There are 2 protein chains.
Amino acid sequence: MSRDESFSPEERAAIYRCIAERRDVRRNFLPEPVPDAVLGRVLSAGHAAPSVGFLQPWNFIVIRAAATKEALHAAFIRANAEAAAMFEDERATLYRSLKLEGLREAPVLLCVTCERGRAGPVVLGRTHQSEMDVYSTVCAVQNIWLAARAENLGVGWVSILSLADLHAILAIPEHIVPIALLCIGYVDHFETTPDLERAGWRKRLPLEELVFEEEFGRRDPMPAGD
Amino acid sequence: MSRDESFSPEERAAIYRCIAERRDVRRNFLPEPVPDAVLGRVLSAGHAAPSVGFLQPWNFIVIRAAATKEALHAAFIRANAEAAAMFEDERATLYRSLKLEGLREAPVLLCVTCERGRAGPVVLGRTHQSEMDVYSTVCAVQNIWLAARAENLGVGWVSILSLADLHAILAIPEHIVPIALLCIGYVDHFETTPDLERAGWRKRLPLEELVFEEEFGRRDPMPAGD
């Protein structure tokens, strides 16, 4: 491989650090606006995501108006009350203490959507796994999240809203699927561990318990077959 | 923000280059094995993905045995014949000319799965958007893809197999969802444009046509509301 195509140890370390230090941010957003040039770079990273059949099924709705943010926040409040009622006892108390969105504080919100019919009904690579175009759109979200971290922008994925509310508030047509609503902005620092881990909601699982060899559930290494 | 938490212009450029130069690779894999330490770093990047409710719903099945690769390749051949029949005329001819998998040539295959019931039926953040745990798993796939690129490893996502075949060949239990089958290995170079773009299958869409302001379909910038 030519030198130009490979990554130096320093470059590789930056990429791993970005992946490790990306956090789901829902608090401590600074009011400082996100310059259009920065947001443009972040969206370009999303658009560089892999997509099944090179479909590029995504759209990006950039939200800055206070009225839209208020409407989305109200939809969160409704959904979150329903969600809190699904937990019991100490878990419900802990749930209610968590800060799970930053929809009014973040200077920019971004809704990433998937247009499933963009290239007609038959899509290369989606013929046998029908969700592939949705998965492509999630890859774009993760690219956006990492690019934002590289720009020192915090991103939080807010999923406690009904899809019907998202469709209504953002005028998303019936045939378009809202995939992610993100709050984006500069923060004064990034936490070193996920909020939910620090709050005692769940622990980080050991990676070695999640890796199998050759088939699901098998942990003994197999002799290499190639 | 402290200096330590932010990314230098050089680091940021490396992250953007990784995102831009990631390709979906299904050909030209070198037989050189992927060292365990390298694969471990790539899987750690996957495990660092965001997950709804900090669920970490993924497992990683590492496949190196030739027999498993042959079985997966046979499943691809069956599905691909069905898929080719869905296209017509020149499109069918073009489809049949494409190389859409590298399952026998890649030294390592990786299946990434999602265990939807890992933390019981009620999951924080999944109460109103039921697919969030699947989306988390796709974020892990994209982290793996980018980390692999930083390691100069090519990755191809092979989706032209039936889920039933994946379950059977990899002994994946009924309640676990296979999300991605990846072929992974060193390559002698990375293409500068996607294979499907070069083959004339689809063009890259202009980003500006995909970005809306405040609501779906609106392109005129709104006055800032915050």
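Of note:
- Qualifying residue in region A:50-57 (condition: under 21 Å from A:V158 (Cα atoms) and in a helix (DSSP H, G or I)): no
Yes/no per residue for (1) in contact with a strand residue (DSSP E or B) (Cβ under 6 Å, 6 or more places away or on another chain); (2) of a type in the set (A, V, I, L, M, F, W, C):
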position: B:S97; (1), (2): no, no
position: B:E101; (1), (2): no, no
position: B:L109; (1), (2): yes, yes
position: B:G117; (1), (2): no, no
position: B:L124; (1), (2): no, yes
position: B:Y135; (1), (2): no, no
position: B:A150; (1), (2): no, yes
position: B:L166; (1), (2): yes, yes
position: B:P173; (1), (2): no, no
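- With respect to the conditions (1) more than 9 Å from chain A (Cβ to nearest Cβ); (2) under 30 Å from A:D24 (Cα atoms), B:F29 lacks only one, and its number is (2).
- Number of the condition not met by A:A75 [criteria: (1) more than 7 Å from chain B (Cβ to nearest Cβ); (2) open to solvent by 10 Å² or more (accessible area, probe 1.4 Å); (3) out of contact with any strand residue (DSSP E or B) (no Cβ under 8 Å at 6 or more places or on another chain); (4) assigned to a helix (DSSP H, G or I)]: (2)
- Residues in region A:52-70 that are more than 7 Å from chain B (Cβ to nearest Cβ) and open to solvent by 20 Å² or more (accessible area, probe 1.4 Å): A:E70 only.
- Scope region B:1-49; condition farther than 30 Å from A:L196 by Cβ, part of a loop (DSSP other than H, G, I, E, B) and within 17 Å of the chain's Cα centre (by Cα); matching residues: B:R23, B:V25, B:R26, B:R27
- Listed by position, the strands (runs of 3 or more DSSP E) contained in region B:131-221 that have at least 1 residues being more than 9 Å from chain A (Cβ to nearest Cβ), at pLDDT 95 or above and open to solvent by 10 Å² or more (accessible area, probe 1.4 Å) are B:176-186.
- From the list B:R17, B:R78, the one residue that fits, being of a type in the set (K, R), within 30 Å of A:F212 (Cβ to Cβ) and modelled with pLDDT of 95 or more, is B:R78.
- In region A:78-116, residue most open to solvent (accessible area, probe 1.4 Å) [restricted to those that are under 30 Å from A:D133 (Cα atoms) and of a type in the set (S, T, N, Q)]: A:N80
- Checked against (1) at the interface with another protein chain (Cβ under 7 Å from one of its Cβ atoms); (2) closer than 28 Å to A:A45 by Cβ; (3) open to solvent by less than 20 Å² (accessible area, probe 1.4 Å), B:L39 passes all but condition (1).
- Among the criteria (1) without any contact (Cβ under 8 Å) to a residue 24 or more places away in the chain; (2) in contact with a Leu (Cβ under 9 Å, 6 or more places away or on another chain), the one A:C18 does not fulfil is (1).
The values are calculated or read from the model by the stated rules, or taken from the named source; none is laboratory data. As the structure is a prediction and not an experimental result, all values here were calculated from the model. For neighbour counting, all protein chains shown are included, and Cβ atoms are generated from backbone atoms with ideal geometry for every residue, glycine included. Surface accessibility is based on the protein's heavy atoms, side chains included, excluding ligands, DNA and RNA. Shrake-Rupley method; radii C 1.70, N 1.55, O 1.52, S 1.80 Å.
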